[in-house]
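What follows is a set of notes on a single structure, which appears directly below.
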Amino acid sequence: MRLGIYIHWPFCRSKCPYCDFFSRVKKGVEQSALVDGYLADLEYYRSLNDEYKVDTIFFGGGTPSLLEPKQIERILDKIVELWPTADNLEISLEANPNSQYPTMFQDLRQVGINRLSLGVQALNDKDLKFLGRTHNLQEALSAVDSVLKNFDNHSIDLIYARPEQTAEAWQQELQQACALGVKHLSLYQLTIEEGTFFARKGIKALAEDKAAELYEITSQILISAGYEQYEISNYAEKGFACRHNLGYWHGDDYVGVGEGAAGYLHVGDKIITTTHHRQMTEVLPRERAEELVIMGLRLNEGINKARFERQCGVKWQDFANSKQIKELINENLLSETTENIKVTSSGRLLLNYVIEKICS
């Protein structure tokens with residue numbers, strides 16, 4: 001059985017004003033002691049199921065590039081000690097452009113990282129400052145260059161639908177991003193989440209119709225540049241989709257280690273979700289089915305009905321609202337075959353509406 005492992009390093013040098021992920025701004029972290037705890041957690045989760053084979057490992061955060069390479073190596077060595085691993089094991093790490101020291105990317109590659117995701121977020125200094133990033137454009141471009149020299153598999157993140165962002169400006173930025181030569185791009189629409197600095201300051205998101213226009217421009221430019229859209233926010237050259245994140249969207253099991261991490265595991269005949277620290281809750285079949293719909297419809301390939309049944313124990317026809325599905329198909333928001341169901345390009349713009357109808 002395929003298994004992904006997510007290692008969450010929650011610490012950052014500063015908190016971005018749009019971020020609602022769990023993170024801590026803290027200096028002087030005792031990394032070795034914390035990683036000791038991570039290794040103990042990995043041993044604990046290994047004891048729950050003997051049928052797994054690790055296919056992907058992902059270091060996220062927070063800012064996991066702040067982790068010392070020797071600590072990353074300890075974690076990787078423990079995983080290989082505990083589980084059988086795939087021959088083409090994907091090991092990803094998220095980094096910020098200015099978290100680097102001169103040999104950081106070389107050192108990360110040396111300890112086993114083979115996929116690097118760089119949090120660029122914008123390609124102009126004005127918007128980088130607005131987004132609270134502590135790097136400037138030149139630092140970002142320099143980091144991208146270093147990543148390309150050290151890794152064959154790489155990605156950058158960008159945020160769009162910033163307040164007052166125009167279609168022309170976003171088009172120019174996308175063309176610049178395509179010219180960088182990265183294999184993968186993750187392009188996230190800015191949302192103002194409750195509790196963030198932006199929300200407290202009354203920052204307003206771009207109007208929905210204008211954000212939808214930017215989304216459509218994104219697909220047009222990236223596809224014309226040779227990237228394939230495989231998920232609502234993710235584009236990759238052929239063969240470079242993020243396998244770890246595909247595991248989430250497919251509904252595969254994964255171990256989550258670290259203060260902000262969660263996991264999904266099969267333990268005996270039960271499906272459980274895990275949270276820090278070793279808290280386990282059984283997930284009922286219908287609850288898991290709803291989660292699989294929410295995740296699976298984000299993918300261009302959609303939901304494979306046979307896999308859906310294997311993962312949650314519920315037949316697709318017994319779960320989904322067939323009347324609503326017919327209506328969504330008639331509205332050109334869904335397409336369906338005997339094996340698969342997926343949203344159309346129009347449906348992606350109304351994804352929450354589609355999900356609500358299917359699950360009602």
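The values are calculated or read from the model by the stated rules, or taken from the named source; none is laboratory data. Owing to the predicted nature of the structure, the values given are computational and were not obtained by experimental measurement. Reconstructed Cβ throughout: ideal geometry from the backbone, glycine too, with neighbour counts over all protein chains shown. Surface accessibility is based on the protein's heavy atoms, side chains included, excluding ligands, DNA and RNA. Shrake-Rupley method; radii C 1.70, N 1.55, O 1.52, S 1.80 Å.
Using the Stokes-Einstein relation with a Kirkwood hydrodynamic radius computed over Cα pairs, the translational diffusion coefficient of the chain at 10 °C and a viscosity of 1.306 mPa s comes to 74 µm²/s. Greater than 25 Å separation of Cα atoms is the criterion. Which listed pairs, Lys238/Lys270; Lys53/Lys270; Lys53/Lys78; Lys129/Lys204; Lys126/Lys204; Lys149/Lys210, meet it? Flagged as over cut-off: Lys238/Lys270; Lys149/Lys210. In the assembled protein chains, Tyr44 presents an accessible area of approximately 70 Å² (probe radius 1.4 Å). Taking Cβ atoms as reference points and 10 Å as the exclusive limit, the residues near Asp318 contribute a net charge of +1, counting Lys and Arg as +1 and Asp and Glu as -1. The eigenvalues of the Cα gyration tensor, multiplied by 5 and square-rooted, give segment 262-360 an equivalent ellipsoid with semi-axes of 27, 14, 11 Å from largest to smallest. If you bin all the Cα-Cα distances of segment 43-118 at 5 Å, starting from zero, the percentages per bin are 3, 14, 27, 23, 16, 10, 5, 2, 0. Accessible surface area normalised per residue over the chain is 47 Å², counting heavy atoms of protein chains with a 1.4 Å rolling probe. Over all other residues within a Cβ to Cβ distance under 10 Å of Ala86, the charged ones net out to 0, with Lys and Arg as +1 and Asp and Glu as -1. For segment 102-211, the Cα gyration tensor yields ellipsoid semi-axes of 28, 16, 12 Å (square root of five times each eigenvalue, largest first, whole Å).
Across all C-alpha atoms in segment 187-285, the radius of gyration and Dmax reach 18.3, 49 Å. Panel values: segment 156-217, Kirkwood radius from alpha carbon pairs, Stokes-Einstein at 10 °C and 1.306 mPa s, translational diffusion coefficient 126 µm²/s. Cα centroid distance between segment 133-212 and segment 346-360, in Å? With segment 133-212 and segment 346-360 each reduced to a Cα centre, they are spaced 26 Å. Overall, the accessible surface of segment 55-183 at a probe of 1.4 angstrom is composed of carbon and sulfur to the extent of 45 percent.
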